[in-house]
Structures are given as C-alpha cells and as structure tokens.
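Undergrad: Shown below is the structure under consideration.
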Amino acid sequence: MKLADDHRRRELAQIHIAKKQLGLDDETYRAMLWTVGRVHSSADLDYAGRRAVLDHLTARGFKSTAPTLERPKDPLWECVNKAAPDRQPMLKKIAMMLKAANRKKEYGDGIAKQMFQIERLEFCGSDQLHRIIGALNYDARRRAERAPAPL
C-alpha cells in the first residue's frame, strides 16, 4: 500500500507543479478539475482522474522534469537503446519477436550463447543478429505448428 500512496503523492505534486508552471489561477484550476475529473479538489481524484488531469495539463504545455513512474526499465529495450545505430534495427526486431513469443531477454542471450558462445545479445555482430532472427523465426513456426487449432 505504501507504493500506491507514494505514487499518488507524486502525481498530486505533479498536478500542482503543472498548475504553477502553466500559471493557472485558482478559479481556472478548479474549473479544469471539475471539467476533466469531476472533482473540486485534486485530493479527491482517483488514479484514472489523476492520469486524465495530468494528460490534459501536458496537452496544454506542462513539461514534467520528474521521471515517469509508469513502467520499470525493461532490460531488453535497454539493450536496444544502448546498441550501436547499425545494430539497433535488428535488436528491435529480436526484442519484438521475444515479446510476441512471451519470452524474456535471457532467452535471446541463451540463443547467442548456444550459437556463438557470446554471453549477451548486445555483444553480437550484425551477421550473428541476423542468424538469431532466423532462429527465432524457426522457433515461432515450430510453436505455431504445435498450438492447438481454434474451435
């Protein structure tokens, strides 16, 4: 419960920072709260209401300086973002294929280790990444053949 309370406090703080940053007077601010969230005070907003108000304020020009709390860092996408520009497209394709197969980055690292004795995907060269994409295609076809037919 502590994490949810902390998240709520941060979002309420962002709403008040946005109010100040956009120069909203109290009357305009309260009218916006009623229009967007159907409340008279930001303290009465639920999660969806806080998100709606923050989205509205962002659309009106609010620039948040705080990092977003929405999703934790995914090691698979971190690997793609930090890769050399010539390997990023292939790593993105591998990331999407792993996500579609409901597999984690460790599965891709295991393929690199088995095929090339390389510890992690990001250490593979372009040719090796191309061959890993082929292996993932083969795996996807094999899994599709094994899947039961829809009723």
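Read-outs throughout are calculated quantities, based only on the coordinates presented, and are distinct from any laboratory measurement. Bear in mind that the values here come from a model prediction, so they are computed numbers and not experimental data. Positions of Cβ are backbone-derived with ideal geometry, glycine not excepted, and every protein chain shown enters the neighbour counts.
Undergrad: Could you tell me the extents of the chain's C-alpha atoms along the three principal axes, largest first, rounded to whole Å?
TA: That works out to 64, 45, 29 Å along the principal axes.
Undergrad: If you don't mind, another one. Any chance you could list the semi-axes, whole Å, largest first, of the equivalent ellipsoid that the Cα gyration tensor gives for the range 2-59, using √(5λ)?
TA: Numbers: eigenvalues 64, 31, 19 Å².
They are 18, 12, 10 Å, listed largest first.
Undergrad: What per residue convex hull volume, in Å³, comes out for the range 75-146 when only alpha-carbon positions are used? Provide the component values of the computation, followed by the final result.
TA: Values: hull volume 5.4 nm³, N = 72.
Once divided by residue count, the hull of the range 75-146 is 75 Å³.
Undergrad: Among residues other than K19 whose Cβ falls under 14 Å from its Cβ, what is the net charge (Lys/Arg +1, Asp/Glu -1)? Could the numbers behind the result be given before it?
TA: On the way: positive: K20, R30, R50, R60, K63; negative: E11, D25, D26, E27.
Once all neighbours under 14 Å are counted, the net charge is +1.
Undergrad: Excluding same-chain pairs closer than 8 in sequence, count the lysine pairs in the chain whose Cα atoms lie under 21 Å apart.
TA: 24
Undergrad: 222 nm [θ] for the chain, helices only, -39500 (n - 2.57) per DSSP H run of 4+, per residue, to 500?
TA: On the way: 7 runs with 100 residues, N = 151.
-21500 deg cm²/dmol, from helical runs alone.
Undergrad: Can you tell me the orientation of helix 105-116 relative to the chain, as the angle in degrees between its alpha-carbon axis and the longest Cα principal axis, to the nearest 10?
TA: Approximately 20 degrees, to the nearest ten.
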